[in-house]
Amino acid sequence: MILMNNISFYLSLKGQTRNITDNWKNLNYNIQPIYQQLKSMTQQSEIYQLILLCIIVTNIGYSIIFPIIPMVADEKNLYKYQIGIIFAMYPLGNVVSSSIMANRELKKSTITNGLAICSLSYVVLALANYLNGPLYLIFTATIRFINGIAANMVQVPSYALVPKLFPENSQQYIATLEMVSGLATVIGPLIGATISIISDQMGISSSLITFLFMALVHMPIAVIIDKKMDQNLVESEKKQEYQFKIQDLQENKQLLLLSFNYCLQVIVVMGSRTQLSVELNHTYHLPHYQVQLMFVTSTFVFCITALKISRTQLNNQQQIFNIGLIFGAISQFFYAPQVLGLPESPFIICFADLFRGSGFGIGCVLMMPLAIMILNDSEKFKETSNLIGSALYLGCWSFGDFLGPLIFGVLNDLLGFQRSCFLLASIQIIFVLVYIKNQQKTIQNPNVYIEMTEK
């Protein structure tokens, strides 16, 4: 009897142990996917933080020369147009490399190589301080062109990674990138000015210290990216079967109008920005510190707009983008109060800055997600839409940054600042209306768009 009780107890204990083991296996089976998902989310967050770091350092490198190059060029007895050539080389390098980057595979090595080349280019720019005359101009302009290409090698893959990491709400993460980008562009000249003050007190060349500082910043980040960024999450799963060409952009009317309107917005904003400080000083008689504060105002509004979009799930991106384009055009009208019959007051310029910052912030945040949406409707470029959309976005920005000062400079000499703003604003409004009308046609007759994307 006792033996039978022991046997039954043993069997029940064995059964309970088996149940516990099975339950543990089921629990482990259910937890494992959750654990893998959390691990993947952690890796995605780490990569996104590294992307933010890349965007910060490259944008500081873009803007840190603003207070440095004019002073050095003045010491080298360069003309103003020669200074303009040096500044134009960086966006020109961006434009040239954008078409190449659109057709390259998404690789981690592209980012690390870009950071390494940036670092070396800053070392060479520091050594250029010992050159003079035409040799300094040619050398600095060439290296700045290479610097622009290298920066695009970092930024195009970085932006292209965001929709891949966060496909459901990519526009929110891109908005954060744009906010950080705007802040870095403001911080760059502040760092450059601070280094200049310290180096002048120490009796050392400010350009030498500034460029060596940027070289030292870029190289460690390249090493961190190489070690920390997961190669499997970054690199493309499939090789590109088709090369994106300018003909593809011309055949897709919706993508062409999107790119053109965004590029026109950049041309108008960057063009007027270069001449606005002179206008505020001469026409409105504002001291230099107030002029600088007004520049910070539009950048601050730009960042606030990007931050707002980053915290909002938008279902009507196209309509918001249209509003951003209209806001950008309105801002240019208010930069011409005399033409509109309004009093020439700094408060009107501040009002224009609010529209410019918000409109430009909306445009910069939503252009790339909209381009990717259009490319995803094409079977030909669906697999590489992120990379092509990123290259298009940065290419349009760089092209506008290159052309804007040139176009506005010519118009300013012919018409004056206010008439130039009014003319460009009128042109921008016309093309925005054409863009909106094309959207309405696409909605009414979607088959036209489908045929165009399958061409």
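The values are calculated or read from the model by the stated rules, or taken from the named source; none is laboratory data. Keep in mind that this is a model prediction, so the values were computed, not measured. Backbone-built Cβ (ideal geometry, glycine too); neighbour counts: all protein chains shown. We work out accessible area using only protein heavy atoms, side chains counted, and drop any ligands, DNA or RNA first. Shrake-Rupley method; radii C 1.70, N 1.55, O 1.52, S 1.80 Å.
Applying 1/(1 + (r/R0)^6) with r as the Cβ-Cβ distance of Ser277 and Lys380 and R0 = 45 angstrom yields a FRET efficiency of 0.50.
Per-residue extension of 0.36 nm, minus the Cα-Cα distance of Phe66 and Glu251, leaves a gain of 62.7 nm for this segment.
For the pair Met202 and Asn77, a Förster radius of 25 Å applied to the C-beta separation gives a FRET efficiency near 0.50, rounded to the nearest 0.05. Label-to-label distance, Glu105 versus Ile304, with points set 7 angstrom from Cα along the beta-carbon direction: 4.7 nm.
Beyond 23 Å in Cα-Cα separation lie the following of the pairs Lys107/Lys380; Lys227/Lys382; Lys164/Lys227; Lys253/Lys380; Lys308/Lys382: Lys227/Lys382; Lys308/Lys382. Placing pseudo-labels 7 Å out from each Cα toward the beta carbon at Leu131 and Phe260 gives an inter-label distance of 4.0 nm. Its Cα centre serving as origin, the stretch 343-444 has a Cβ charge dipole (Lys and Arg +1, Asp and Glu -1) of approximately 280 debye.
As a fraction of the 1.4 Å probe accessible area of the stretch 74-182, surface on carbon and sulfur atoms comes out at 64 percent. In a DSSP loop and with at most 11 other Cβ atoms within 10 Å, the chymotrypsin sites (Phe, Trp or Tyr not before Pro) in the stretch 50-137 are Tyr79. Working from the Cα coordinates of the stretch 323-387, the gyration tensor eigenvalues give, after taking √(5λ), semi-axes of 37, 10, 6 Å in decreasing order.
Backbone geometry of the stretch 193-199 corresponds, through the Karplus equation with coefficients 6.51, -1.76 and 1.60 at θ = phi - 60°, to 3J(HN,Hα) couplings of 5, 5, 4, 4, 4, 5, 5 Hz, x marking Gly and Pro.
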